[in-house]
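Notes follow the structure.
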Amino acid sequence: MAESTKRYAVVTGSNKGIGLETVRQLASNGITVVLTARDEKRGLEAVEKLKQSGLSGQVVFHQLDVADPSSIASLANFVETQFGKLDILVNNAGIGGAIIDVDGFKAASDSGAIARGEIDGKKFATETYELTEECFQINYYGAKRTAEALIPLLQLSDSPRIVNVSSAMGKLKNITSDWAKGVLSTDAENLREESVDEVVTEFLKDFKESSLESKGWPSFMSGYTVSKAAMNAYTRILANQYPGFRVNSVCPGYVKTDINFNTGVLPVEEGAASPVKLALLPNDGPTGQFFVRSEVSCL
């Protein structure tokens, strides 16, 4: 393939699960993909697996911890040096931000009791301030920092795409604080990054002061829920700032992965198909939208 028509992608948190399968599917479409992971050993093992399945020239590894600005800068430098541009960024790295009672959660999930609302999911989740703060550092600030560092390289592409892997848990119906919901539902033209950051800061402050319930924040997986709502808002901000890009966020569905202890119902192939579809959108495709799998959804 001529150098000018080659396409390059970065997928964060991609040594396993939806991230790894996203790398596989993009590489199978002829795109050169940078597989990234916090753990170098696991990342290199993942690349080796893909090479053995016939994707030898399509996948390269670079270490990335999205919570570490110097690690992000190192990745941006690598992409610039190796490829000179970037076409696709998939912000997939994410954590749940809670300690889960795995056996109890699996039993309730397998019986369908959680899905039917018969058992309160928070019975199985312990959220600490430290874990919640880390959740925001990765799920929200990490995605933001990575996008900001790579946007100059995406601007050199003929078809720049940013896909933020989100969750239906981040829908505004799950944000029970009227103030936060009001901020996050502001139309893209008037929504400001500082306002979204303020929601995050206020949430963390209320968490620290044990006043989530009295301030109207969600009580189950609260950090994860608010981090994904913030990411969906940031997606709309980016789409508005860069009209030449296609920038969307997507809930891949309830996929069998480590984050839900493989209690999901969809295989990773189906889960990854959604971010891959958005990564390969035509230039007149949708932007600034939140998708649940392949359908545009309300926030």
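Rule-based calculations on the coordinates, nothing more; no lab input. Since we're looking at a predicted model, the values are computed, not measured. FYI the Cβ positions are ideal-geometry reconstructions off the backbone, even for glycines, and counts take in every protein chain you see.
If you filter the range 223-269 for chymotrypsin sites (Phe, Trp or Tyr not before Pro), then keep DSSP loop positions with at most 15 other Cβ within 10 Å, what is left?
Passing sites in the range 223-269 are Phe261.
Would you calculate the volume per residue, in Å³, of the smallest convex hull containing every Cα atom of the range 67-224?
Output value, Cα hull per residue: 148 Å³.
Show me the ranking of peptides 84-90, 198-204 by mean Cβ neighbours inside 10 Å, starting with the highest.
Answer by packing, highest mean first, reads 84-90, 198-204.
Can you work out the base-10 log of I(q)/I(0) for the range 139-240 at q = 0.19 1/Å, using the Debye formula on its C-alpha atoms alone?
Scattering profile of the range 139-240, log10 relative to I(0): -0.91.
Could you sort the peptides 130-136, 69-75 by per-residue average Cβ neighbour count (10 Å cutoff), highest mean leading?
Packing order, densest peptide first, comes out as 130-136, 69-75.
Quick one: angle between helix 102-111 and the longest Cα principal axis of the chain, in degrees between 0 and 90, rounded to 10, please.
The angle comes out at about 90 degrees.
Explain nothing, just compute: Karplus ³J(HN,Hα) = 6.51 cos²θ - 1.76 cosθ + 1.60, θ = phi - 60°, for every residue of the range 209-218 in order, whole Hz, x for Gly and Pro.
Going residue by residue, I get 8, 6, 10, 4, 5, 5, 8, x, 8, x Hz, with x marking Gly and Pro.
If you only keep lysine pairs separated by 8 or more in sequence, or across chains, how many in the range 178-299 come under 28 Å at the Cα atoms?
11
For the range 1-114, divide the Cα radius of gyration by the Kirkwood radius and give the resulting Rg/Rh value with two decimals.
Details: Rg = 16.5 Å, Rh = 15.3 Å.
So for the range 1-114, dividing Rg by the Kirkwood Rh gives 1.08.
Ignoring everything except DSSP H segments at least 4 long, calculate the 222 nm mean residue ellipticity for the chain; use -39,500 (n - 2.57) per segment, divide by total residues, nearest 500.
That calculation yields -13000 deg cm²/dmol at 222 nm.
Which whole-angstrom value gives the distance between the alpha carbon centres of the range 186-249 and the range 78-108?
18
To test your reading of the geometry: what angle, between 0 and 90 degrees and rounded to tens, separates the Cα axis of helix 222-241 from the longest principal axis of the chain?
40
For the range 118-188, what mean projected area does the convex hull of the alpha carbons give, in nm²?
Mean projected area for the range 118-188: 7.3 nm², to one decimal.
Can you give the Rg and Dmax of the range 44-90 based on its C-alpha atoms, in angstrom?
12.1, 33
On the Cα set of the chain, report Rg and Dmax in Å, please.
Looking at the chain, its Cα Rg and Dmax stand at 18.6, 60 Å.
Counting alpha carbon pairs within less than 8 Å and at least 6 residues apart, what relative contact order, in whole percent, applies to the chain?
19
Let me know the whole percent of all Cα-Cα pairs from the range 190-277 that are separated by more than 22 Å.
45
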